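Derivation of every value follows stated rules applied to the coordinates shown; laboratory data play no part. Because the structure is predicted, anything quoted here is derived from the model rather than measured. Using ideal geometry, Cβ is built from the backbone for each residue, glycine included, and neighbour counts are taken over all protein chains shown.
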Amino acid sequence: MLQFAFFGSEGKSGPPDLSGAYAVGVDGVPQRADIRLEKNQIVCETRSPAPAGISLRWMVPGVGPVQLETTRLVPRAEPYHLHVELARHRLMRISFKREEWGLFDYPGMDDLAAQVEEAREEFVRALEHTDHPRQAAQHADRSLASAVDVSEKIARFHAGVFLNRRVAAGGFTRQFLGTAIQPAQARPPLLRRAAEALDYVRIPFSWREVQPKESVADFAAVDEAVKAAGAARLSVRGGPLLSFGMRWVPDWMYIWENDYESILEYAREHVRRCVSRHATAVSSWVVASGLHAEGVFSFSFEQVIDLTRAAVAAVRAAAPKAGVTIELAQPFGEYYARNQRTLPPLLYAEMLVQSGVPFDAFGLQFICGIDADGFHVRDLMQISSLIDRLANLGKPIHVSAVAAPSAATDTPTGWRGPWSEETQAEFLVALTEIALSKPYVESVCAESLMDGPACAVPHGGVLREDGHPKPAFTQLAALHRRLASEPAR
């Protein structure tokens, strides 16, 4: 059993928010655990005696509520100091990434190195005051605030260096910036506006919308959307074709929830039908999205891999030259701590590669700003680090959905202040620059072109509901102009 003592300190009142807390084991894999508050302690009972930590949403002054982790710790009777362990983990991550990225003694890093040293000195003061836990908490909180701030700055500094190198090498001659758009929104004026700033649109082929009844396939909306995008001289990517979230699965499929073979055949036929119909107009497909995560059906590990393989094979047969992407939803894997019938995202990715499934690239979703498990804000260094980890599997990466809200809500979420149009723009541009600075990332796609009920995040579009551009759209357009070595179309 792990116990973490917490204390009132600067900017904090009341106990920590445990609504999205979970245990973390080796390699950052979430674990099942019973996590609860007992007076001024967090008690974490895991199912294993191995070292573990906890991940929880923590208010960081100057940054906001961010999902952070402690170090991995062995169970003991005496409680650990939560503030100290959060700061310790972040300082360890900074040291590791500075070494991995080759940023020790790098020209231009002097100010950032000095801030890292300040954070480290505050951490040492926290350790010196372990006999006075409240004072230790104050020093640890100051260390953590400085460390999270500088870690984001380091991630952006690293991105700036390598983004410039990629531009100089002509690394942006292909289509690298796009947006998803719902078929109902694919009107010529909106698509022409998108074409001013972006290279492509991704059109979802929702099984629920395409086949609302078992015997009826309705392609009218997606047909018009694909045609309109082509007329606007935008490249078209399709998908996801297969997802088992509630808003993707047709109601009539529920009668087959205990019949895997029937689900497999219906899914295969849906994929084949969509790809065959648009094989000449759609250049690449997000074939499967989030099959590793929670869905309306419970699949075994073998069935998830089998479904993925069958969907990829159906696309290959119908459109041999099309790109094939497998998308990882909720890539930090919080859901796995709640539901062990799911798969950790990186394990799923690794097994696809090892199993020889013939796909081309991974997709990564970074959707945040919702007060819900799996959608809490992660800082930029965590995002950059996760992309690096996935790249170790040797496949190209598309950041296939990025989203953050452009308006504050009543829920405790934000990034360097309450969400606003300006905050959304800064976050999305920073994330896009970080992703595109990595040579193995081929494109970045906004989750939604325009605000509306179909947005995964309320106010998450880069255009307002009336079609007028937000700062995010304007700044992404400027970034596209800056990066494009030659016209990407």
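Net charge dipole, the stretch 2-163: roughly 500 debye, given to the nearest 20, about the Cα centre with Cβ charges of +1 for Lys and Arg and -1 for Asp and Glu. With helices as the sole contributors, the chain gives -12500 deg cm²/dmol at 222 nm; each DSSP H run of n ≥ 4 counts as -39500 (n - 2.57), and the sum is divided by every residue.
Arranged from fewest to most other beta-carbon atoms within 10 Å of their beta carbon, Lys438, Lys213 become Lys213, Lys438. Judged by the ratio a/c of the largest to the smallest principal axis of the C-alpha gyration tensor, the stretch 97-220 counts as oblate, that ratio being 1.5 or greater while a/b is no larger than b/c.
Ranked by the mean number of other Cβ atoms within 10 Å per residue, highest first, peptides 147-153, 126-132 order as 147-153, 126-132. Amide H contacts of Gly461: Asp451, Gly452, each under 5 Å away and 5 or more positions distant or on a separate chain (H built 1.01 Å from N in the peptide plane; Pro and chain starts excluded). A simple rule links phi to the HN-Hα coupling: the Karplus curve 6.51 cos²θ - 1.76 cosθ + 1.60 with θ = phi - 60°, which for the stretch 138-143 gives 5, 5, 5, 5, 5, 4 Hz, with x for Gly and Pro.
In a shell of Cβ-Cβ distance under 9 Å around Thr71, excluding Thr71 itself, what net charge do Lys and Arg (+1) and Asp and Glu (-1) give?
Numbers: positive: Arg72, Arg88; negative: Glu69, Glu85.
Here the charged neighbours net out to 0.
Considering amide H positions built from the backbone, and no H for Pro or chain starts, which residues 5 or more places from Gly323, or on another chain, come under 5 Å of its amide H? Amide H neighbours of Gly323: Ser284, Trp285. Rounded to the nearest 20, the Cβ-based charge dipole of the stretch 175-483 about its Cα centre (Lys and Arg +1, Asp and Glu -1) stands at 980 debye. Residues whose amide H falls under 5 Å from that of Gln31, counting only those 5 or more places apart or on a different chain, are Ala23, Val24, Gly25, with hydrogens built in the peptide plane.
Return a whole-number percent for the relative contact order of the chain, with Cα pairs under 8 Å and 6 or more residues apart as the contact set. Provide the component values of the computation, followed by the final result.
Working: 974 pairs, mean separation 74.3, N = 489.
Once divided by the residue count of the chain, the mean separation gives 15 percent.
With a Cα cut-off of under 30 Å and a minimum spacing of 8 residues unless on different chains, the lysine pairs in the chain number 16. Between the listed residues Ser443, Phe123, Met92, the Cα displaced farthest toward the positive end of the dipole of the chain, a dipole computed from Cβ unit charges relative to the Cα centre, is found at Ser443.
Can you give the FRET efficiency to the nearest 0.05 for Ala114 and Ser283, using r as the Cβ-Cβ distance and R₀ = 60 Å?
Numbers: r = 47 Å, r/R0 = 0.79.
Efficiency, from the Cβ-Cβ distance: 0.80.
Averaged over residues, the count of other Cβ atoms within 10 Å places the peptides 266-273, 112-119 in the sequence 266-273, 112-119, highest first. Note on Glu350 and Glu45: their simple-model spin labels are 3.0 nm apart, each label 7 Å out from Cα toward Cβ. If you add up the charges near Leu86, with Lys and Arg at +1 and Asp and Glu at -1, over every other residue whose beta carbon is less than 10 angstrom from its beta carbon, what do you get? Once all neighbours under 10 Å are counted, the net charge is -1.
Give, in nm to one decimal, the length gained when the segment between Arg316 and Asp373 is fully stretched (0.36 nm per residue of separation minus the Cα-Cα distance).
On the way: separation 57, 0.36 × 57 = 20.52 nm, distance 3.49 nm.
In short, 17.0 nm is gained.
Stretching the chain fully between Val167 and Asp27 yields a gain of 47.1 nm (0.36 nm per residue, less the alpha carbon separation).
For Met253, Met351, Met1, the sequence from fewest to most other C-beta atoms within 10 Å is Met1, Met351, Met253.
Among residues other than Val24 whose Cβ falls under 15 Å from its Cβ, what is the net charge (Lys/Arg +1, Asp/Glu -1)? Before the final figure, lay out the partial values.
Details: positive: Arg32, Arg47, Arg57, Arg72, Arg88, Arg90, Arg93, Arg338, Arg378, Arg389; negative: Asp27, Asp34, Glu45, Glu69, Glu85, Glu334, Asp373.
Net of charged neighbours comes to +3.
Beta bridges from DSSP with both residues in the chain: antiparallel share about 45 percent, rounded to the nearest 5. Each peptide among 282-292, 82-92 gets the average number of other Cβ atoms lying within 10 Å of its residues, and from highest to lowest they stand as 282-292, 82-92. Using Cα atoms only, what is the angle between the long axis of helix 380-391 and the major principal axis of the chain, expressed in degrees (0 to 90) to the nearest 10? Once rounded, the angle reads 60 degrees. Placing a label point 7 Å from the Cα of Arg76 along the Cα-to-Cβ line, the residues of the stretch 115-156 whose backbone N sits under 18 Å from it are 124, 126-134, 136-137. Charges were assigned to the Cβ only: +1 to each Lys and Arg, -1 to each Asp and Glu. The resulting dipole of the stretch 347-461 about its Cα centre is roughly 360 debye.
On the basis of the beta-carbon distance and an R0 of 60 Å, Arg464 and Met1 show a calculated FRET efficiency of 0.75. With both residues required to sit in the stretch 284-422, DSSP beta bridges show an antiparallel share near 5%.
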